1. Over the alpha-carbon set of the range 392-443, divide Rg by the Kirkwood Rh and report the Rg/Rh ratio to two decimals.
2. Using r as the Cβ-Cβ distance of residue 139 and residue 65, and R0 as 35 Å, what FRET efficiency do you calculate, to the nearest 0.05?
3. What net charge do the residues around residue 538 carry, taking every other residue with its C-beta under 9 Å from that of residue 538, with Lys and Arg at +1 and Asp and Glu at -1?
4. When DSSP beta bridges are limited to those with both residues in the range 88-218, what percentage is antiparallel, rounded to the nearest 5?
5. How large is Rg/Rh for the range 129-170, to two decimals, with Cα atoms and a Kirkwood Rh?
6. Under 5 Å between amide H atoms, partner at least 5 residues away or on a different chain: which partners does residue 151 have, H built in plane at 1.01 Å?
7. Roughly what would the spin-label model give for residue 434 and residue 206, points 7 Å off Cα along C-beta, in nm?
8. Which value in Å does the Kirkwood hydrodynamic radius of the range 504-563 take, with 1/r averaged over all unlike C-alpha pairs and then inverted?
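The values are calculated or read from the model by the stated rules, or taken from the named source; none is laboratory data. Because the structure is predicted, anything quoted here is derived from the model rather than measured. Counting neighbours? That spans all protein chains shown, and the Cβs are built from the backbone with ideal geometry, glycine included. For the accessible areas, the whole protein counts, side chains as well, though only heavy atoms, and no ligand, DNA or RNA atoms are used. Shrake-Rupley method; radii C 1.70, N 1.55, O 1.52, S 1.80 Å.
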Amino acid sequence: MAEPWRDRARRAVDWNWRLRSAGDPRPHYVICGRDALAYYVARAMLESELPDGGARVTVVVPERYRSNGPDVAGLRGLRVVRSDRLDVATFEAAGLAGAAGLALLHQDDVGNLYAALCAQAVDQRVRQVLRMFNGTLADGVRKLLKAPVEVLSDAEMAAPAFVAAALGEVDPSSFQHRDKTLRVARRADVRPQDVVCALAHITEQQGVELLPAEQAGADLVLAEATGQPPGTEVAARRLVRARRRRRPMTVLMGAVRGFATRKIGVAVMLVLAVIVVLGALISRAEGVSPAEALYLTLVTTLSGADPDTGKAASAQIMQVVLNLAGLALIPLITAVVVDGIVNARLALHTGRLQPHRAGHVVVIGLGNVGTRVMAQLREYDVEVVAIDKDPEPRGAALARQLEVPLIVGDAALPEILVAASVADCQALVVASTDDVANLEAALAARDLHDDLRVVLRLFDGDFAERVEEAFALGVSRSVSYLAAPAFIGALTERAVITTIPVDRHALPVAEVPVAAGSELDGRPLDVVNRDGQLRVIARTPAGGGKTIWWKDLDPRQVIFAGDRLTVVARRRGLDWLTRQSAPPARGGPAHRPSGSVPGGESARPPASLESAPAEWQVHASAPGAAHPVPTAVSADIGSPPPGSRPSATPARRSPPDRSAPPLAQEVPGSTESEHAEAREHAGQRQVDREQ
């Protein structure tokens, strides 16, 4: 009986993968995740130009999943392994043994810890980067794992950007490096001598221009901290002072309005108005003083009066009406008391009925990001009201500890927003994990308050940009995009100090060592600065000398092996600097340890298999999990973008011309450099539009 074609195809593809890694000097990275963070990290690794010529990327995703944002499995140029469980078998199928790094990016702290332990059993030397929310558990993971590990929290990195946007200020990013403390600020808020470098120039016509060539005209700068509080803290103090100046009577009336329902209140007010009018008429008819008239009115209303046929007809009519008003007033008073008690019990259990507030910040969604935002706002003493569909969300315990009222319900419903006093709040932060629910809540809030400042979390970058343009909902932030540079830096072992959010972009601050014999060894410092891509802010000489900061940097200074350059860069600029500061490539192909792919064999695929089908997949849960079946096999850095037609023959990277001076192909002025620069800027603009 002939061998089934499926088995033949599986074995042929398995052989193809076994042969493909032989002699391939590119590092192999395994990324486990299914959301936008995994997408941005995987795409950046595919597009990065590492010293070895790029990277091979394998992503591990569940068999069936629904992504709120861009689909990581839809990226071209990577290998996909489908498995619902991150265990030893899955990591062996993904070729983790001998890999350069592993990124565990699921939103499950315990699941990521279990996966890290399984990965350690496969390869104890692989570098692991874990995504975790629980800080205590993260500290324990660093001590527990024997492999080199980095634990990061995307929510902690992105929360300051949401807080700053809610308060109408720039992101309060600050960091300590060497002997300096640097922070992000508006140019008008800092002294000229404290400005380190220009970060962005923001205009309505051209949008955001990062790392502009014109330093003096930039709106956003990186400056040395000189004891002045950041703008976010100043805005929070101003908001707190305004709340304290509110009139006590306004607060009292708000509490009275929230004590009973509107219908009961209207009925009570009508009955009291009737009693007051009749009391005034009695005072005039009887010819008594106002105090005596009040006494007669209350006694007649509450206890009734003895009939007196000798009175005038008008006095008898007023007496009867007062008795009827008294009969209506007593049940109404009872209803008000009962309704107030019921409302108080409902407020304790559901949080939906709250006293009226003003000048506060409403946070929708107490997940990872919403909890961090709530905590930071409370650190500034800003009043916060939280809304979540789940009665016990992740941040419920912290909300009770910080005395933040939690309203349980759908934030898209007007009554829930009214209960949170959205119409009078300072800002609305929508930070749940559902794009549709976030958009619905933002639109419903705008119906209550036209000028409300809305900070919207959307996973899909292109969707967020279109929403901003179409609905003018304020500010949109992508947590994954803000945190991705830090995860990429940890995965590739770059010394990323921090990530600076600028509008919807992110600028990593990194310290890059210069290797002996690299392209930068012996070159002047001026060749490193690249407008729109890279800025050098400090240089630490080899041997641990004193750091030379921006004030004393001379473009004519020569870079020597062992120097460490501190830069603010875009991702492509950082890739370029890493490539130029890396040691020269060895003469022969780099040796890859055995076991880097399933089966432990490695060899280059024959030419007949280079033109294999473009889509390949690996099912780790299927029989013969180590045998791949169709998914994308090409991870070349020169692979065409999605939607383009692949070339018939794979492009090969030509070796640099050693006869030319170092960096001759990179210094602006040569024709090849201009073409490369144009392609780079065009690609970056495409990335910006997608983000």
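1. Working: Rg = 11.6 Å, Rh = 12.1 Å.
Radius of gyration relative to Kirkwood radius: 0.96.
2. Values: r = 30 Å, r/R0 = 0.86.
After rounding to 0.05, the efficiency reads 0.70.
3. Details: positive: 178, 180, 539, 564; negative: 511.
Within the 9 Å Cβ shell, the charges total +3.
4. Values: 8 of 16 bridges.
Taking every DSSP beta bridge with both residues in the range 88-218, the antiparallel ones total about 50 percent.
5. Details: Rg = 13.9 Å, Rh = 11.7 Å.
Using Cα coordinates only, the ratio equals 1.18.
6. When sequence neighbours closer than 5 places are left aside, the close amide H contacts are 130.
7. Modelled inter-label distance: 4.2 nm.
8. Working: mean 1/r = 0.0809 Å⁻¹.
Computed over the range 504-563, the radius equals 12.4 Å.
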